[in-house]
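So the structure is just underneath, and the comments pick up after that.
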Amino acid sequence: MDPMEVFKIEVTGQEEFAAKKYREIIMDILQDLGLIRSIGRLYVYVDIQKPYFALYGLLRSGIPPLTVKDVGDVLQVAGGYQIKINDEEHMADLLRVLWERYGRERVEQPARDIVIIASDNSPSELMVADLEAEFLQDLTDALVRVAPEGFRNRRNIMTKDSFLFIAAEESLTPEMVSEIKAKIREMENA
Amino acid sequence: MLEPVMFTGGLYKHDLVVELVEDLGGYVLQKNVTQTEIILLILVPSEDMAALQALAKELRSELVRAPLAGTEVAVVTPTLAIHHLPHVACDIAEYLRRHGCKTNMLGMARGVGREIAQIDEYETALINEHDAAVFIFGNFQDCIKKKESLYRNINVPVVVTGGPEIDAKDLPYAFDYVPSIGRMAHRARKATEIGSLDRIVDAVGRALDKTRAAIAKDPLTTSPPRIMDAVREQVPDIEFSYSPLPIALNLTGVRVKLPYNDYKDAVKAVTFDEGVKLGEIAAIKPSRMKDYILVRILSASETGFVF
């Protein structure tokens, strides 16, 4: 069963096998990179005679940025704030952000999972990592991996809630892009 | 008639096997030690197989026929990028190895795409040094047909693999076409996928048999394993070659993994019991692979004798 709401794939010519196989490849790659839950709908259109390869996807609701209170418990203590880290994965990012905000001399780490800040301003709302940007990076990586290797002329149009990725062997022309957009709209409305 | 077999067993007492093979007039082609295990690729006279089988049984080891032993096959992918490697190419190469042949994986520099795919003279020559080649293509029927130009100039039999079902007649330059492989992003583990690998091994086996039949019409002056043995004995520096297989066997000769300029004369001077020198019965050429020495045995029609 597909975890996506819609996953359509269309290949021109007598290429039913390729359509079936590319469905598997796309699923494998998205699963490998842990992206499959973030994509709601996916439309793939391939014209192998031209040749080009296009993917259009709708993203599920945006991922909020990771703040200090998401990675640990913030407590007010005498002379400042104490952060008890629960999620060590973003430790390096957290320290970097705190150093930038308060300066190294006011950030102390007496134990592996404790950080004390000598300041009156609470750090809880500080942004540790922009998960959305990381997700978009991973997504671009996945799209490049999915498209056939020889298709080196690429265009990636990303908006807040969708992406359109086109890869072709020859230079991309505005006509080609509008043709692909029309085809994908057709698939969406079918 | 020499029978190719693969011996898998413990390291302990394996020298008994090596001694027996030598006494029977056979050859040890390859020796792979993995901690306490050893894998030997052996050529043994078929009439003496029973003796080897009895010894293998006594040592509680396994002895299986390795039909591709003593051959070298190129596994060719359009590039070395993540799109083509590792799963499909490595699975095929490993599977061929398990049947006894030596595989070399080769990624082309510009083999990608449908219109833009190309192969250069060096790559063609390198593939031609092998006994057969397996070309791994993708899932689009149209591309597989179009990419015929990549192997049109290759002289050794080429087995093409890809995804869709294509009639082998549509690919006149290929020896055979094996479908249902194509591009994959996972390892071959289902029974159907393993079945496809078996079909590749089968196709490669038939391709090699065809070459063997062609050689039999005008036999080689001597057999490649015999040259391997003589070179190993008379060019002792081969022991210092860092390659896992210092002398690689082909159907028509051997590749000696020593620098060409320094050792070509030593290899030419290798003498057989009959008093013939290797330089007289074989062409000694620089190999396209690194700086190695390629030995190609001349046929009986060129030298006028067989020994």
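Under the rule of -39500 (n - 2.57) per DSSP H run of 4 or more residues, summed and divided by the residues of chain A, what mean residue ellipticity at 222 nm is obtained, to the nearest 500 deg cm²/dmol?
Details: 5 runs with 65 residues, N = 190.
Calculated mean residue ellipticity at 222 nm is -11000 deg cm²/dmol.
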Filter on A:K160/B:K146; B:K57/B:K210; A:K20/B:K146; B:K102/B:K145; A:K20/B:K290 - keep pairs with C-alpha separation over 32 Å: A:K160/B:K146; B:K57/B:K210; A:K20/B:K290
Given labels modelled 7 Å from the Cα in the Cβ direction, how far is it in nm from A:S119 to A:R104? 1.6 nm
If the reach is capped at under 16 angstrom between alpha carbons, list the lysines near B:K285, excluding any in the same chain fewer than eight residues apart. B:K257, B:K264, B:K268, B:K277
With r as the distance between the Cβ atoms of A:R41 and B:D48 and R0 = 56 Å, compute the FRET efficiency 1/(1 + (r/R0)^6) and round to 0.05. 0.25
Please state the charge dipole magnitude for chain B, taken about the Cα centre, from unit charges on C-beta atoms (+1 on K and R, -1 on D and E), reported in debye and rounded to the nearest 20. 940 debye
B:C90, B:C143 arranged by Cβ crowding within 10 Å, fewest neighbours leading: B:C90, B:C143
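How big is the Rg/Rh ratio for the protein assembly as shown, C-alpha atoms only, Rh by Kirkwood, two decimals? Mind dumping the intermediate values first?
Values: Rg = 30.1 Å, Rh = 27.1 Å.
Here the Rg-to-Rh quotient is 1.11.
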Could you state the number of Å between the C-alpha centres of segment B:221-264 and segment B:101-146? 27 Å
Which one, B:D209, B:D273, B:D15, has the greatest fluctuation when you compute a Gaussian network model over chain B with C-alpha springs under 10 angstrom? B:D273
Alpha-carbon centroid distance for the pair segment B:274-307 / segment B:201-218, whole angstrom: 21 Å
List A:L126, A:L33 from most exposed to least, where exposure is judged by having the fewest other Cβ atoms within 10 Å. A:L33, A:L126
0 to 90° range, to nearest 10: angle between helix B:87-98 axis and chain B longest Cα axis: 30 degrees
From the residues A:L42, A:I29, B:M184, which one has its Cα farthest along the dipole of the protein assembly as shown in the positive direction, the dipole being from +1 and -1 charges on Cβ of Lys/Arg and Asp/Glu about the Cα centre? A:L42
At R0 = 22 Å, FRET efficiency that the Cβ-Cβ distance of B:E62 and B:I194 yields, to 0.05: 0.70
Of B:L251, B:L294, B:L126, the one that fluctuates the most in a GNM where chain B has Cα springs shorter than 10 Å: B:L126
Rounded to a whole number, the mean other protein chain Cβ count within 10 angstrom for residues of B:178-185 is 4
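Add +1 for every Lys or Arg and -1 for every Asp or Glu among the other residues with Cβ under 13 Å from the Cβ of B:I136, and state the total.
Working: positive: B:K147, B:R183; negative: A:E149, B:D91.
Local charge sum for B:I136: 0.
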Binning at 10 angstrom from zero up to the longest distance, how are the C-alpha pair distances of segment B:158-252 distributed in percent? 13, 29, 25, 24, 9, 0
Chain B - convex hull of the alpha-carbon atoms, volume per residue in Å³: 147 Å³
7 Å from Cα along Cα→Cβ at both A:E186 and B:I116: what's the point-to-point distance in nm? 2.7 nm
At most 13 other Cβ within 10 Å, DSSP loop - chymotrypsin sites (Phe, Trp or Tyr not before Pro), segment B:157-226: B:Y173
Which residue fluctuates the most in chain B, going by a Gaussian network model with Cα springs under 10 Å, if the choices are B:T103, B:T34, B:T71? B:T34
Tell me which trypsin sites (Lys or Arg not before Pro) from segment B:23-127 have a DSSP coil assignment and no more than 12 other beta carbons within 10 Å of their own. B:R60
Bridge type composition, the protein assembly as shown - antiparallel percent by DSSP, nearest 5: 75 percent
By how many degrees, between 0 and 90 and to the nearest 10, does the Cα long axis of helix A:16-32 differ from the longest principal axis of chain A? 0 degrees
If you plug each phi of segment B:11-16 into the Karplus form 6.51 cos²θ - 1.76 cosθ + 1.60 with θ = phi - 60°, what whole-Hz ³J(HN,Hα) values come out, in order, with x for Gly and Pro? 5, 4, 6, 5, 5, 5
Averaged over its residues, how many other protein chain Cβ atoms are within 10 Å of peptide A:141-150's Cβ atoms? 5
With Cα coordinates, the longest principal axis of chain A makes an angle with the long axis of helix A:174-189, in degrees rounded to 10, of 90 degrees
Tell me, what is the FRET efficiency for A:A111 and A:E132 to the nearest 0.05, using R0 = 51 angstrom and their Cβ-Cβ distance as r? 0.95
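Read-outs throughout are calculated quantities, based only on the coordinates presented, and are distinct from any laboratory measurement. What you see is a predicted model, and the numbers here were worked out from it, not measured in a lab. Cβ coordinates were reconstructed from backbone atoms using ideal geometry, including for glycine residues, and neighbour counts include every protein chain displayed.
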